[in-house]
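The values are calculated or read from the model by the stated rules, or taken from the named source; none is laboratory data. Keep in mind it's a predicted model, so treat the numbers as computed, not measured. For neighbour counting, all protein chains shown are included, and Cβ atoms are generated from backbone atoms with ideal geometry for every residue, glycine included.
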Amino acid sequence: MDRNRLHLIFLASLITVATSVLAALGENRLDAYVSVFTLIYFALTAVFRPRRRTLDFLALMLLAAFSYIVAVKILEVLVKP
């Protein structure tokens with residue numbers, strides 16, 4: 001099977017499982033979901049190495065969102081009275 005198809009199948013499966021598990025645990029924070037999705041995407045991309053014809057815009061957006069979430073959490077800890 002093609003690496004790109006395999007990557008997409010595993011990505012869809014793991015994101016579905018992760019969403020189900022987080023929902024079952026009662027997680028309702030968006031930052032938890034985005035962080036888990038980002039880790040899943042980058043882990044699968046490193047394993048399958050799908051071919052890209054252009055720049056990976058999804059990776060850039062996920063990295064930007066993850067960096068923003070981490071920065072906000074660090075600021076919450078540092079500024080907390």
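Within the bounds of segment 41-48, is there any residue that is assigned to a helix (DSSP H, G or I), touching a residue at least 40 places away in the same chain (Cβ under 8 Å), of a type in the set (A, V, I, L, M, F, W, C) and in contact with a helix residue (DSSP H, G or I) (Cβ under 7 Å, 6 or more places away or on another chain)? The answer is yes; a qualifying residue exists. For segment 1-19, filtered to residues that are β-branched (Val, Ile, Thr) and surrounded by fewer than 14 Cβ atoms within 10 Å (Cβ to Cβ), the residue that is farthest from the chain's Cα centre (by Cα) is Ile9. Residues of segment 20-44 that are closer than 18 Å to Asp56 by Cα, over 8 Å from the mean Cα position of the chain (by Cα) and surrounded by 15 or more Cβ atoms within 10 Å (Cβ to Cβ): Leu44 alone.
Considering only residues that are touching a residue at least 12 places away in the same chain (Cβ under 8 Å), of a type in the set (D, E, K, R) and surrounded by 10 or more Cβ atoms within 10 Å (Cβ to Cβ), which ones fall in segment 49-81? Of everything in segment 49-81, those that are touching a residue at least 12 places away in the same chain (Cβ under 8 Å), of a type in the set (D, E, K, R) and surrounded by 10 or more Cβ atoms within 10 Å (Cβ to Cβ) turn out to be Arg49, Lys73. Checked against the criterion of being modelled with pLDDT under 95 and part of a loop (DSSP other than H, G, I, E, B), segment 56-74 contains one or more residues that satisfy it.
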